Amino acid sequence: MAEEILNMRLDKWLWVARFFKTRSIATDAVNGGKVHRAGHRVKPSQGVQVGDLLDITRGQYNYSIEINGLMKHRGPASVATTLYTETAESIAIRTARADELRLHAAQNPIRERRPDKRSRRRIIRFTRKQES
């Protein structure tokens, strides 16, 4: 018979729901002010329950979610996505931000890297011929 969980630590839930790769990274994110519950900063040890609203900042993206379930152990990603529901507004803002970042990346192509050893030798040979 499956044991129903009514309350669990915030950092553990973030790890189980696969928002963060490790529990220590989840703890650091909560301590760093990247996670808010109902608009207020929280501590990693605070308990979360079904129905809580969380605002999570991960990299350049913000997620506004409602907790739908709690699990004791971390499972597959397909199961982890059933533990929360992202708001429609959050999805729209996140997709707009992704489009904005994609456009910015297209406008600013990656700079050329420094010449490698072979290229440097060719440059040196070419410049020495110019000097004579």
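Brief remarks follow.
For every residue, the table says whether it meets (1) of a type in the set (Asp, Glu); (2) touching a Lys or Arg at 6+ places or on another chain (Cβ under 9 Å).
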site: Ile65; (1), (2): no, no
site: Ser78; (1), (2): no, no
site: Thr81; (1), (2): no, yes
site: Thr85; (1), (2): no, no
site: Glu89; (1), (2): yes, no
site: Arg94; (1), (2): no, no
site: Arg102; (1), (2): no, no
site: Gln107; (1), (2): no, no
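- Filter result (farther than 18 Å from Tyr84 by Cα, among the aliphatic types (A, V, I, L, M) and not in a helix (DSSP H, G or I)) within segment 1-33: Met1, Ala2
- Candidate set: segment 93-122, residues that are among the aliphatic types (A, V, I, L, M) and more than 17 Å from the chain's Cα centre (by Cα); chosen: the one modelled with the highest pLDDT: Leu103
- Of the helices (runs of 4 or more DSSP H) lying entirely inside segment 34-132, those containing at least 1 residues that are surrounded by 14 or more Cβ atoms within 10 Å (Cβ to Cβ) and of a type in the set (Gly, Ala, Ser) are 77-80, 88-107.
The values are calculated or read from the model by the stated rules, or taken from the named source; none is laboratory data. Remember, it's a predicted structure, so these values are computed and weren't measured experimentally. Neighbour counts run over all protein chains shown; Cβ positions are idealised from the backbone, glycine included.
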